[in-house]
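Worksheet: one structure, shown below.
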Amino acid sequence: MPELPEVEITARRLSGALAGTSVDSAVARGMVTMKTVDPPLDALAGQTLSDVRRIGKMLVVEFGPLALLVHLMSAGRLQLYDKRASLKDRTVRLLVRLADGRELRLREFGTKQRAWAKLLEKSAIPDTEEVATLGPPAWPAPSPKAFSDLIAEPRHLHPLLRDQRTIAGIGRSWVDEILWEARLSPFQKGSELEQTEVEGLRTACGSVLGGALDHYEGVIGDVVPDKLPMPLKVHRRQGEPCPRCGARLEAVHYKDYVMTYCPPEQSGGRVYKDRRLSRLLK
């Protein structure tokens, strides 16, 4: 799933390429892509695209008084193309056709149609449910006190940091990286952290997410590719040596994702049970 760094670099590249461009037309090919009907997509015709920005893990594409709120979910991509999409392209969910012949295209890979968009009055964006319920952004990190208050919950750190209502922008990939950087167990509870651990976790949020953005700025050109070169050190690298201590990285497998960690540095040497094996033994 595209997370804060991936969505942020997408917003930066699209904003630079699209600002000041007029819209010719817009159409939604995906059956369930649009979550709003008023105003209709036709209202974008003749509008000028003014900005593309990020809120949490969502993109906001602004067209004068209107704005398109887009959530890429796990397999969506919002990309700019020089030519119109082929009618045979089954990945297309939403097309914004520009007056200069280019096309802003929401595509989604795989069979599940989960990526969505809402066309709203720009002034309504802060009050729409998906935005209004977000916690503060994970990057730049909240102030030390604000971060400490957010984390002080009796919940495991792995799901707590991924809860967009707590802190916005972190998903299944970067939470592994952040917890490894902070040397914290994914099963440690936020309310049980020492102050030094809270400070270390906050620092890790800023350095890991900011470092990923710096990486993308250095390796991604004008066009964001389908598959981004994510600078991951531990996520999905189970079985490989820890980049810091050399110990074997371990993982807990869930139905939809993998949680990777370093036992000596994050769990006191303990190797957690693999949930796949637990299910088989039931």
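The values are calculated or read from the model by the stated rules, or taken from the named source; none is laboratory data. This structure is a prediction, so every number in the text was calculated from the model and none was measured. Backbone-built Cβ (ideal geometry, glycine too); neighbour counts: all protein chains shown. For accessibility, only protein heavy atoms count, side chains too; no ligands or nucleic acids. Shrake-Rupley method; radii C 1.70, N 1.55, O 1.52, S 1.80 Å.
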Query raised in the report: Accessible area, 1.4 Å probe, largest first: how do ASP89, ASP38 sort?
Result: ASP38, ASP89
Query raised in the report: Counting each DSSP H run of 4 or more residues in the chain as -39500 (n - 2.57), what helix-only mean residue ellipticity at 222 nm follows after dividing by all residues, to the nearest 500 deg cm²/dmol?
Result: -8500 deg cm²/dmol
Query raised in the report: Mind listing the phi-derived Karplus ³J(HN,Hα) values for region 39-56, rounded to whole Hz, using 6.51, -1.76 and 1.60 with θ = phi - 60°, and x for any glycine or proline?
Result: x, x, 4, 4, 5, 6, 4, x, 6, 9, 6, 9, 6, 10, 9, 10, 10, x
Query - Span from the region 105-119 Cα centroid across to the region 1-61 one, whole angstrom - result: 12
Query raised in the report: Of all DSSP beta bridges in the chain, what percent run antiparallel (nearest 5)?
Result: 95
Query raised in the report: Summing Lys, Arg as +1 and Asp, Glu as -1, what charge do residues with Cβ under 13 Å from the Cβ of ILE125 carry, ILE125 excluded?
Result: -2
Query - Probe 1.4 Å, accessible area per residue of the chain, Å² - result: 48
Report summary line: Counting only protein heavy atoms with a 1.4 Å probe and every protein chain in place, the carbon and sulfur fraction of the accessible surface of region 162-241 in whole percent equals 45
Query - Orientation-averaged projected area, Cα convex hull of the chain (nm²) - result: 16.4
Requested in this report: Provide the solvent-accessible area of CYS242, counting protein heavy atoms only and rolling a 1.4 Å probe, rounded to the nearest 10 Å².
Outcome: 10
Report summary line: Among GluC sites (Glu not before Pro) in region 1-45, those in a DSSP loop whose Cβ has at most 14 other Cβ atoms within 10 Å are none
Requested in this report: Note down the magnitude of the dipole of region 1-68 about its Cα centre, charges +1 on Lys and Arg C-beta and -1 on Asp and Glu C-beta and zero elsewhere, to the nearest 20 debye.
Outcome: 160
Report task. Could you list, in their original order, any pairs among LYS189/LYS273; LYS112/LYS273; LYS122/LYS145; LYS112/LYS233; LYS57/LYS112; LYS57/LYS145 whose Cα atoms are separated by more than 22 Å? Result -> LYS112/LYS273; LYS122/LYS145; LYS112/LYS233; LYS57/LYS145
Query - Net charge, GLU240 excluded, C-beta distance under 11 Å - Lys, Arg +1, Asp, Glu -1 - result: +3
Query raised in the report: With every protein chain kept in the model, how would you rank MET1, MET31, MET259 by accessible area, 1.4 Å probe, largest at the top?
Result: MET31, MET1, MET259
Query - Angstrom value of the Kirkwood radius, inverse mean 1/r, which spans all Cα pairs in region 136-206 - result: 11.5
**Report entry** Carbon + sulfur, % of accessible area of region 37-142 - ligands and nucleic acids excluded, 1.4 Å
**Finding:** 52
Query raised in the report: For the pair ARG155 and ALA247, what calculated FRET efficiency results from E = 1/(1 + (r/R0)^6), where r is the Cβ-Cβ distance and R0 = 22 Å, to the nearest 0.05?
Result: 0.25
